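> One structure follows; several queries about it will come next.
None of the figures in this text is laboratory data; all of them are computed from the coordinates on show. All of these numbers come straight from a predicted model, not from anything done at the bench. Backbone-built Cβ (ideal geometry, glycine too); neighbour counts: all protein chains shown.
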């Protein structure tokens, strides 16, 4: 997948792709103990990491803690990062979501049935993704597509992604059959995927 | 135990991390051998990534950068500082005073300092707990609003379905009039079950005005309710109508003062005849 991104970068290097390629080099310098590299990575990625943590936790002080934790984990584990598994940005965002959801769940005092990302430490979905995000326009498209989802699809997806609820919990909370919740999440994901595919 | 069929459905939940642990483990075991699910995970993963970027964009506070950079590599020196403080406390100069009265004075002084410090600490904790309580209440509010919105959407969807499948359902196409030639509307009305109304391209309302929907009978127009279009000029609403309503002949939308009026007074934006009733 790293290869695909590189190819995409050669063909039409958006500023976005340039940044993601630069992240990769920056992380390599962090792995060899270069403090300036950490500052560079922070400048490129602190904003999306903070925005995601704030969306999930809705509390600036907690979101700042998450940023702190994510960048110090990135510093400690820079050497273990495997570029074939995804971009550095995706890795940090995965860490941020999983830590934020953990914190949200411990606030709800039910930390046990955590449904964080498959592996909170290393971005490992077992298989590489076909298509990476390749431009800021794609992000804008997805944001718009999310807004335009039918209300129930959007709500179900937001409860799952930003509130960290499992599909079972969503079904209980909305008093909806489990199958309906699954179907709605799937439909929502398909629509977002189409919006992503339509804009590079 | 989930069957293979159930497992196929889980790829999208897996990608966004919405599976409870047991289901996740079962899915991962299945994923290793299922080409279809591998394909699903591959194509859906970017959506998971996109959702991470789709959170509303907020600039982090400027001083956070310095704190993050300072904290990395500073862990060991922070530990050293904590040890030094503890050592200083055990050799506090108060305890080196000599004589019984000196000791008593020192003890009461220390007590006063400790109590004063404790009071300050308590005030701080109360303030911090109050802050957290306010945040927790705000969160409960937000999530209750989300659930209420979902419930309303479900119940609207159910009413729509009931109206659309009613045996006495009548469909009315409403055409835009001179003031809004691009506007269009459509209504589904069932005497027994209610009225579903949608419209698009309605012009933005001036302040203090509202659109009002009328069911026109041979006697008089009867108000069905008020319409507030979204910023795109679209409306999607459900109304109940009185079951003893006179046989309607048409539906119309007019512009009226806020709050609506008992009988239409303003310009007509949409109108359509009810056929065959």
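> Over all distinct Cα pairs, what is the inverse of the mean 1/r for the range A:135-200, reported as the Kirkwood hydrodynamic radius in Å?
About 12.2 Å, per the Kirkwood formula over Cα pairs.
> Just how far, in whole angstrom, is the range A:173-192 from the range B:141-155 if you go by their alpha carbon centroids?
After rounding, the separation between the Cα centres reads 15 Å.
> Further question: If you stretched the chain out fully between residue B:230 and residue B:160, how much longer would it get, using 0.36 nm times the residue separation minus the C-alpha to C-alpha distance?
Result for the pair: 23.3 nm of gain on full extension.
> Arrange A:93, A:57 by Cβ neighbour counts within 10 Å, fewest through most, would you?
Ranked by crowding around the Cβ, least crowded first: A:57, A:93.
> For residue B:141 and residue B:26 in one chain, what is 0.36 nm times their gap in residues minus the Cα-Cα distance, to one decimal in nm?
37.9 nm
> Sticking with this one: Between residue B:198 and residue B:57, what FRET efficiency follows from the Cβ-Cβ distance if R0 is 45 Å, with the result rounded to 0.05?
Rounded to the nearest 0.05, the efficiency is 0.85.
> Right, next: Averaged across A:180-190, how many Cβ atoms of other chains sit within 10 Å of each residue's Cβ atom?
Per residue, the number of nearby Cβ atoms from other chains is 4 on average.
> What ranking of A:139, B:140, B:237 emerges when the number of other C-beta atoms within 10 Å of each C-beta is taken as an exposure proxy, fewest first?
B:140, B:237, A:139
> Ignoring solvent entirely, what values of log10 I(q)/I(0) come out of the Debye formula for the range B:4-53 at 0.21, 0.27, 0.28, 0.30 Å⁻¹ when each Cα is a single scatterer?
Debye output, listed in q order: -0.67, -1.02, -1.08, -1.18.
> On full extension of the chain, what length is gained from residue B:114 through residue B:126, given 0.36 nm per residue of separation minus the C-alpha to C-alpha distance?
2.5 nm
> Compute the Rg/Rh shape ratio of the range B:170-273: radius of gyration over Kirkwood radius, all on alpha-carbon atoms.
Values: Rg = 12.5 Å, Rh = 13.5 Å.
That ratio equals 0.93.
> Based only on other Cβ atoms within 10 Å, what is the fewest-to-most ordering of A:185, A:155?
With the sparsest Cβ surroundings first, the list reads A:155, A:185.
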